[in-house]
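Please read the structure below before turning to the comments.
The values are calculated or read from the model by the stated rules, or taken from the named source; none is laboratory data. All values derive from a computational prediction rather than experimental measurement. In this analysis, Cβ positions are derived from the backbone assuming ideal geometry, glycine residues included, and neighbour counts consider all displayed protein chains. Calculation scope for accessible area: heavy atoms of the full protein, side chains included, ligands and nucleic acids excluded. Shrake-Rupley method; radii C 1.70, N 1.55, O 1.52, S 1.80 Å.
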Amino acid sequence: MKTVYLCMSADVIHNGHIKIISRAAELGELTVGVLTDEAVATYKRYPLIPFEERCEIIRSIKGVANIVKQSTLSYNENLQKLKPDYVVHGDNWRTGVQSTVREQVIEALKAYGGELVEFPYTAQADIADFEKDARKILAMPERRRPRLRELLKLKPVLSILEAHNGLTGLIVENTTAEREGHVVQFDGMWVSSLCDSTAKGKPDIELVDITSRVNTIEQIMEVTTKPIILDGDTGGMLEHFPYLVKTLERIGVSTVIIEDKEGFKQNSLFGTSVKQTQASIETFSKKIMAGKAAQTTPDFMIFARIESLVLEQGMEDALARARAFVKAGADGILIHSKSKTPDEVFEFLERFRAEFKEVPIAVVPTTYNTVTEEELGRRGANIVIHANHLIRSAFPAMEKTAKTILENGRSRDVNDLCMSIKDILTLVKL
Ligand code: SPV
Ligand code: MG
């Protein structure tokens, strides 16, 4: 008897799945590869139904002989193991993010003489509607809030990009790319104090108040589903911080990161060129404890951000603070650095990891940005934050357009710098 392999995410089972399963089963003994939660999240959206339940559903469908786990969008590992005579798929993967996966499957099948069988795919309007509904569900606070914790369990290192309004939120939500044969997406958003302030034409000095920061978050939340990490600056006054935690938790933010500074706060990347005061371990630990005591769900996280390296207080100080802040209840640590090389961050990661195997660590490689997420992950980081890149790339582009219009007294000369009217009209769909 011939063997057949079919892979699916099976987050939403519809008539099309049942049809393709029954046609695949006619070709031979059918093994279904079920994509893991992480694999589904890389190319589509976070699944609504957890992996184990999706396996159970598929197992009960007539025609399915075996179930296996498929951990990546790429079929390579399972095809090498199973060497099925046929791989079955709908013909809709010839274009879009899955087309590279298809090419790889064809190559892998050629190597041992297997065959790809594609059945015509019929798009169903109600499925498109369901996808919209699924995104609405994922955007609800109770679904979005725990997502960062869930992703930390699934992936060795998360890739986070800044968003400072609805439009940049959409870019983080929807951009996909291919890296080394895999489809990749961002895992979530960083609502940066620098970018949120700059977008409002204000300096990054805790001037933009909480109401306004929450308003930015709401704008992003209205159009996205991915988890949000808020740059909470110093967290404000000890007595105010619990209120911030409650608000963020209620609206569905996953994590707030507060930095161990006090008084007049400026951006860390100024380093010691401006006067900045680090809070004492005792003072900052109290703030962490007050925040943790205010939280009501197990989902929300408070990370302590350590400024010792930025303020040239040394590695021992950074580590002493990390130990104390974890003891005070911090769910994770952000170790900041403005060094041109990642060496001091590597040292911190190695020494912290030797003591704390599980506590998540976030890093912000703005100045030491030759290092890849993969290497930071290998050395013990769990969250890599690209903290300011959308606003930094948008500003020069907008300024160039403004200058060119002024120089020419008309806008014809910026046509090539701009997206078309047709594209901007359809960028955000009804
Ligand atoms: C921010 O993005 O506002 C940050 C990170 O706090 S940094 O600008 O590097 O201080
Ligand atoms: Mg900041």
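Side notes on the structure shown:
- Residue 274 being more than 15 Å from residue 232 (Cβ to Cβ), out of contact with any strand residue (DSSP E or B) (no Cβ under 6 Å at 6 or more places or on another chain), at pLDDT below 95 and β-branched (Val, Ile, Thr): yes
- Subset of segment 185-204 (residues that are of a type in the set (Gly, Ala, Ser), closer than 17 Å to residue 364 by Cβ, touching a residue at least 24 places away in the same chain (Cβ under 8 Å) and assigned to a helix (DSSP H, G or I)): 193
- Contact map, segment 350-377: first residue in contact (Cβ under 8 Å) with a residue 60 or more places away in the chain and assigned to a loop (DSSP other than H, G, I, E, B), second residue within 16 Å of ligand 2 (Cβ to nearest atom) and of a type in the set (Gly, Ala, Ser), Cβ cut-off under 7 Å, separation 6 or more or different chains; pairs are 366/387.
- Any chance residue 207 is within 16 Å of ligand 1 (Cβ to nearest atom), part of a helix (DSSP H, G or I), in contact with a helix residue (DSSP H, G or I) (Cβ under 9 Å, 6 or more places away or on another chain) and open to solvent by 50 Å² or more (accessible area, probe 1.4 Å): no
- Restricting segment 376-418 to residues that are touching a helix residue (DSSP H, G or I) at 6+ places or on another chain (Cβ under 7 Å) and of a type in the set (Val, Ile, Thr), the residue that is most open to solvent (accessible area, probe 1.4 Å): 405
- Looking only at segment 202-234, and only at residues there that are more than 16 Å from ligand 2 (Cβ to nearest atom) and of a type in the set (S, T, N, Q), the one that is farthest from residue 47 (Cα to Cα): 211
- Of all residues in segment 266-279, one or more are within 16 Å of ligand 1 (Cβ to nearest atom), over 26 Å from residue 371 (Cα atoms), among the β-branched types (Val, Ile, Thr) and free of Cβ contacts under 8 Å to residues at least 12 places away in the same chain.
- Yes/no for residue 139 being free of Cβ contacts under 8 Å to residues at least 24 places away in the same chain, away from ligand 2 (no atom under 16 Å from the Cβ) and either within 23 Å of residue 427 (Cα to Cα) or of a type in the set (D, E, K, R) (or both): no
- Counted residues, segment 107-145 - those being open to solvent by 60 Å² or more (accessible area, probe 1.4 Å), under 13 Å from residue 224 (Cα atoms) and assigned to a helix (DSSP H, G or I): 6
- Qualifying residues in segment 383-411 (those that are within 13 Å of ligand 1 (Cβ to nearest atom) and assigned to a helix (DSSP H, G or I)) - the one nearest to residue 366 (Cα to Cα): 389
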